[in-house]
Amino acid sequence: MGSRPGSISQPTLAAPLIPTEHIGPKGWIRYLYLFELPENYDAARVEQLLRDAFIAAKKRTPLLGCEAVPDLKTGLLTLREYGDEINDFKAKDLRAPGLFPSFAELQAKNFPVSALEADDVCYRSSEWPEAGDRLPVTLMQANFINGGLILNWCIFHAYSDGTTAYKFTEILAEDVRRLQGIKITNPCEIPYEDRAKIMRSSGRKPGKPEDHPEYVALPFVPEGPPPKLLERNTIKGQVFYFSPESMAALKKDSTDENSGEWISTNDAVAGLVWRTVMNAQMPVESLNGEAQQALFTVATDTRRRAHAPMHKQTIGNFVGFADARMDLKRLLTEATLAETAREVRRSITRSDKDYLDSLTALIENTENIYGLAPTVFLDMPGPNILYTTWRNFTLYDLQWGSALGNQMRSMRLPQAGMCNGAQIVFPEHKDGGLEMYVGVEKQNFERLCQDPLWRKYAEIRE
């Protein structure tokens with residue numbers, strides 16, 4: 001049996017890692033937050049405000065000011081506070097004439113990701129660490145543009161899922177307000193203590209590999225992600241928009257009244273993405289005749305599937321995966337929207353209230369913990385798709401004070417997205433619609449845009 005993470009005795013910023021954090025994706029999600037500022041704003045003041053708020057947030061938030069380092073006793077990674085050892089905040093001035101689009105120009109095109117290259121606006125050019133890189137939980141870069149700010153926050157996914165990235169942002173926004181002299185009347189929670197409840201499995205679930213096909217146990221510790229995930233400049237991403245009316249139509253078209261099975265709007269969107277991205281990425285005429293399986297993996301929040309009651313925003317990485325599978329040729333030629341949506345719903349339903357307990361038992365039973373990898377990563381982009389939604393994260397409601405224009409105007413990812421082959425639903429648009437990043441290999445992008453099924457519901461956002 002592999003080494004187990006230790007238990008938590010008292011709150012500490014360098015928290016003991018929970019089991020799902022040991023097997024979480026070891027790369028940074030490079031969030032981009034766009035703020036509108038006056039044309040003559042004081043960049044030095046804004047930079048200092050963000051630096052000070054970032055320092056304040058790290059001083060009071062578990063995990064935030066930590067890095068992962070090897071524990072020589074257990075052979076596992078552990079967290080330590082790095083203090084001033086890492087230059088984790090940078091500023092970049094992009095206001096020179098012709099150097100970068102202004103905020104107004106970006107806004108006029110609905111903040112296109114084509115203008116947001118990682119090399120220009122992200123602390124890290126790549127989402128994946130390279131040999132010798134330190135592994136801080138967060139890195140930040142403030143990009144000053146004419147009329148605005150693009151705040152890049154790189155957050156290490158292994159220790160922070162989308163829920164925690166939202167919580168980190170809520171904490172930062174509160175510290176930005178506090179430093180402007182704004183009274184904090186309702187301080188945000190920093191839920192942490194419930195991590196102790198799920199450090200070990202309950203013993204009620206066997207944790208058998210066959211119960212978790214969403215993970216594969218490699219016989220070795222991989223040096224990094226599979227080669228296709230490491231490739232750079234191969235993906236073309238685009239933000240698409242679904243109006244409330246188109247989402248209602250999609251859900252109606254994806255519902256089989258005769259089956260008696262309920263589906264959500266998210267299931268309908270996911271089913272459409274599965275069908276159309278696969279049609280772009282692996283068209284039926286490219287198949288060589290051999291049976292091939294299409295894998296659609298939905299990232300899930302295991303706080304809702306835990307063996308002990310938990311605060312719904314407990315800090316950490318609680319990501320699980322729900323796999324939907326279908327014969328690729330059938331998906332492309334026969335499957336209806338109702339069938340694809342139904343398969344997505346069934347996969348999520350199988351991740352029941354015992355899911356985290358069973359997954360934790362699997363981790364405990366695995367000798368080589370760092371050999372456990374999400375199955376979807378093994379062939380992505382290709383017949384495998386990773387899908388995640390941030391729709392319910394109310395980033396646009398957070399208050400930042402007048403120095404940052406009060407509220408965030410848009411949230412984006414760099415042009416290359418989260419990682420090759422991942423499709424991401426952004427926070428709900430203020431008009432009730434849905435924005436979504438979709439990225440496919442460059443040579444297949446026009447096929448997606450010209451797919452009548454996709455364009456029946458999705459509008460190009462630039």
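The values are calculated or read from the model by the stated rules, or taken from the named source; none is laboratory data. It should be emphasised that the depicted structure is a prediction, and the values quoted were computed from it without experimental measurement. As a convention, Cβ positions derive from the backbone with ideal geometry for all residues, glycine included, and neighbour counts pool all protein chains shown.
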- request: Filter the range 421-443 for residues that are in contact (Cβ under 8 Å) with a residue 12 or more places away in the chain, outside any loop (DSSP other than H, G, I, E, B) and either surrounded by fewer than 18 Cβ atoms within 10 Å (Cβ to Cβ) or among the acidic types (Asp, Glu) (or both) and give the result.
  value: GLU435, GLU441, LYS442
query: On the given criteria, is GLU105 over 24 Å from PRO414 (Cα atoms) and without any contact (Cβ under 8 Å) to a residue 12 or more places away in the chain?
result: no
- line: Matching residues in the range 317-356 (in a helix (DSSP H, G or I) and farther than 26 Å from TYR192 by Cβ) number 20
message: Given the condition of a type outside the set (A, V, I, L, M, F, W, C), under 25 Å from TYR159 (Cα atoms) and outside any loop (DSSP other than H, G, I, E, B), answer yes or no: does some residue in the range 282-296 qualify?
response: no
message: Anything in the range 223-269 that is assigned to a loop (DSSP other than H, G, I, E, B), over 26 Å from the mean Cα position of the chain (by Cα) and surrounded by 14 or more Cβ atoms within 10 Å (Cβ to Cβ)? List them, or say none.
response: THR255, ASP256, GLU261
query: Given the structure, is GLU343 over 24 Å from the mean Cα position of the chain (by Cα) and of a type in the set (Asp, Glu)?
result: no
- prompt: Pairs, please: C-beta under 9 Å, at least 6 apart or cross-chain, first residue closer than 19 Å to ALA14 by Cα and in the range 120-140, second among the β-branched types (Val, Ile, Thr) and crowded, with 21+ Cβ neighbours inside 10 Å?
  reply: VAL137/ILE155; THR138/ILE155; LEU139/ILE155
field: Test: ALA104 is in a helix (DSSP H, G or I) and either in contact with a Gly (Cβ under 9 Å, 6 or more places away or on another chain) or buried (at least 22 other Cβ atoms within 10 Å of the Cβ) (or both)
entry: yes
message: Looking at (1) under 27 Å from GLN107 (Cβ atoms); (2) crowded, with 22+ Cβ neighbours inside 10 Å; (3) of a type outside the set (A, V, I, L, M), which one does SER160 not meet, given that it meets all the others?
response: (1)
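Let's see how each residue does on (1) in the same structural domain as LEU63 (by the TED database); (2) aromatic (Phe, Trp, Tyr); (3) closer than 23 Å to ASN406 by Cα:
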residue	(1), (2), (3)
ALA96	yes, no, no
SER102	yes, no, yes
PRO112	yes, no, yes
ALA118	yes, no, no
TRP128	yes, yes, no
PRO136	yes, no, no
CYS154	yes, no, yes
THR163	yes, no, yes
- line: Within the range 422-462, residues at pLDDT below 95 and under 13 Å from the mean Cα position of the chain (by Cα) come out as none
task: Examine the range 394-404 for a residue that is in the same structural domain as THR276 (by the TED database) and closer than 28 Å to LEU328 by Cβ, and state whether such a residue exists.
output: no
Residue under evaluation LEU328, criteria (1) within 20 Å of GLY417 (Cβ to Cβ); (2) surrounded by 18 or more Cβ atoms within 10 Å (Cβ to Cβ); (3) out of contact with any Ser or Thr (no Cβ under 9 Å at 6 or more places or on another chain), criterion not met: (1)
